[in-house]
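The values are calculated or read from the model by the stated rules, or taken from the named source; none is laboratory data. All figures in this text were calculated on a predicted structure; none of them were measured in a lab. Ideal geometry is used to build each Cβ from the backbone, glycine not excepted, and the neighbour counts take in all protein chains shown.
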Amino acid sequence: MNAKVNISNRAGASFPVRRMNFDFDQVPEYWMNGSVGLTHFMTGLSALFPDGEKLFIDSVRAVRYHPAIKDNEELQKEISAFIGQEAMHTQEHVNFNASAQKYGHDVATLERRTGVVIQTGRKLFAKLVKPFGMTQEMVDLTATTALEHFTATIASELLRNPHIQALMQDDTMSYMWLWHAVEENEHKAVAYDVYEEIFGRGVKAYALRNTALVVAMVAIFLTQSSFVLKLLKDDGKLNLKELGMIYTYAYSPSKGIIAGMAGEMLAYFKPRFHPNDLDTVQLLKDWKAKLGL
Ligand SMILES: [Fe+2]
Ligand SMILES: [Fe+2]
């Protein structure tokens, strides 16, 4: 595994910021067990992260000194660690995306498209909900809580799904995705807690967070799918064999990582939902021991 783990800073938060330094130079072109379709499926996800995680950081930063939380020392420490982890994820996905680009897969264009989708979506959504007294800050933060629920859920599914793990043949890529998956679950409650502390648990906040989840899931599905199709088409591999592999390991009820997320995704709609209701304590303990984190 080509990475140095440096747990440099806990600073009183419930989880640490780990400085990582992956070397993607030796990663094979089709590192998901030689499968073009599955490799591009993961690359399509990775292309979402640099701008996606920037939105997460910016949306929490924008409200961290709101009167409702500015003196909440514990939450402030969690926010700092959250920002630190997401910044590190961005750095590593930028580096991996650049390494895929070296093989001629145009991930840079996909990263730019992610930025356009996010900026267009957040402004349009804010315009639509403005008549109901909702601000851009509220929209950005609830988009983050929705997307953080998605990332924590896909991450916990990755940590539980042996079919996907078996396909991750390259040590560096396997470690990178599993490290990211662990951290998504370590910090899964931070944005949610910030949202609830500031905007409460009233009908308006509840309606907005549910609407945001539906909008965010449709956007992420359409965007990531279009990325995968483009990567396959540009590679001359847009065919039933590759699409079949993606169906089996992403969407089929028996092995699919996305199909396995359904129950936990729906839990978000419960009025009294909290991310920590989905218990990943032992799962994280086991994986941190295995990965030496
Ligand atoms: Fe992340
Ligand atoms: Fe996250």
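Observations on the structure shown:
- All of 142, 172, 151 fail the test of being assigned to a helix (DSSP H, G or I), within 16 Å of ligand 1 (Cβ to nearest atom) and either under 21 Å from the mean Cα position of the chain (by Cα) or among the small types (Gly, Ala, Ser) (or both), apart from 151.
- Residues located in segment 112-153, provided they are aromatic (Phe, Trp, Tyr) and either touching a strand residue (DSSP E or B) at 6+ places or on another chain (Cβ under 9 Å) or under 19 Å from residue 265 (Cβ atoms) (or both): 150
- Residue 63 satisfies every condition listed in (1) at pLDDT below 95; (2) more than 16 Å from ligand 2 (Cβ to nearest atom); (3) in a loop (DSSP other than H, G, I, E, B) except (1).
- Every residue from segment 208-228 that is within 17 Å of residue 144 (Cβ to Cβ) and surrounded by 13 or more Cβ atoms within 10 Å (Cβ to Cβ): 208, 209, 210, 211, 212, 213, 215, 216, 217, 219, 220, 223
- Only residues that are farther than 26 Å from residue 230 by Cα, of a type in the set (D, E, K, R), in contact with a helix residue (DSSP H, G or I) (Cβ under 6 Å, 6 or more places away or on another chain) and within 15 Å of ligand 1 (Cβ to nearest atom) were counted in segment 42-77, giving 0.
- Within segment 42-56, tally of residues that are closer than 14 Å to residue 88 by Cα and either free of Cβ contacts under 8 Å to residues at least 12 places away in the same chain or away from ligand 2 (no atom under 12 Å from the Cβ) (or both): 3
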